[in-house]
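The values are calculated or read from the model by the stated rules, or taken from the named source; none is laboratory data. On a predicted model such as this, the values are computed, not experimentally measured, just so you know. Glycine also receives a Cβ, built like all others from the backbone with ideal geometry; neighbour counts cover every protein chain displayed. Heads up: the accessible areas ignore ligands, DNA and RNA and are worked out on the full protein's heavy atoms, side chains in. Shrake-Rupley method; radii C 1.70, N 1.55, O 1.52, S 1.80 Å.
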Amino acid sequence: VQLQASGGGLVQAGGSLRLSCAASGRTDRRYGMGWFRQAPGKEREFVAGINWSGGSADYADSVKGRFTISRDNAKNTVYLQMNSLKPEDTAVYYCAADRSGLYSDSVGRYDYWGQGTLVTVSS
């Protein structure tokens, strides 16, 4: 499966963005999905994950209450709604797919990765 992340950009602190991750190719399989981010000089970190049905999701403590992950399986797309953005949210955001249908906060659990989309939050 191929993943295409989009929706990044420059936003002021307190603003909002919605990221999208569109899947193509082997979309008949039900994947668990995750969003990760990587800031300059830092390791890639978990942001949010959602299982194949959308019935279960989890978030990093740093984004709880501000970010929401969702999916539209009919459109093969996963979203990350980001509200109340902070300068420390600045990073390249990646989406990833897990063939097991579950999600994890571990980078190594995911089988496929998108190319990343840059989010820059100015103060």
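Observations on the model:
- One residue alone among Tyr79, Tyr93 is modelled with pLDDT of 95 or more, open to solvent by 20 Å² or more (accessible area, probe 1.4 Å), part of a strand (DSSP E or B) and closer than 18 Å to Tyr110 by Cβ, and that residue is Tyr79.
- Extreme residue, surrounded by the most Cβ atoms within 10 Å (Cβ to Cβ), among residues of region 53-76 that are more than 17 Å from Arg26 (Cα to Cα) and of a type in the set (A, V, I, L, M): Ile69
- Qualifying positions in region 11-30 - part of a loop (DSSP other than H, G, I, E, B), more than 17 Å from Cys95 (Cα to Cα) and not acidic (Asp, Glu): Ala13, Gly14, Gly15, Ser16
- Residue count, region 96-113 (criterion: outside any loop (DSSP other than H, G, I, E, B) and either over 13 Å from the mean Cα position of the chain (by Cα) or of a type in the set (D, E, K, R) (or both)): 3
- Listed by first and then second residue, the pairs with beta-carbon distance under 6 Å, at least 6 apart or on different chains, first residue in region 43-70 and under 16 Å from Cys21 (Cα atoms), second of a type in the set (Lys, Arg) and open to solvent by less than 50 Å² (accessible area, probe 1.4 Å), are Val47/Arg37.
- When Val1, Val11 are checked against the criterion of being in contact with a Leu (Cβ under 7 Å, 6 or more places away or on another chain) and among the β-branched types (Val, Ile, Thr), a single residue qualifies: Val11.
- Checking each residue in region 43-61 for being over 16 Å from Val92 (Cβ atoms) and part of a loop (DSSP other than H, G, I, E, B) picks out Asn51, Trp52, Ser53, Gly54, Gly55, Ser56, Asp61.
- Count - residues of region 23-52 that are modelled with pLDDT of 95 or more, open to solvent by 30 Å² or more (accessible area, probe 1.4 Å) and of a type in the set (S, T, N, Q): 1
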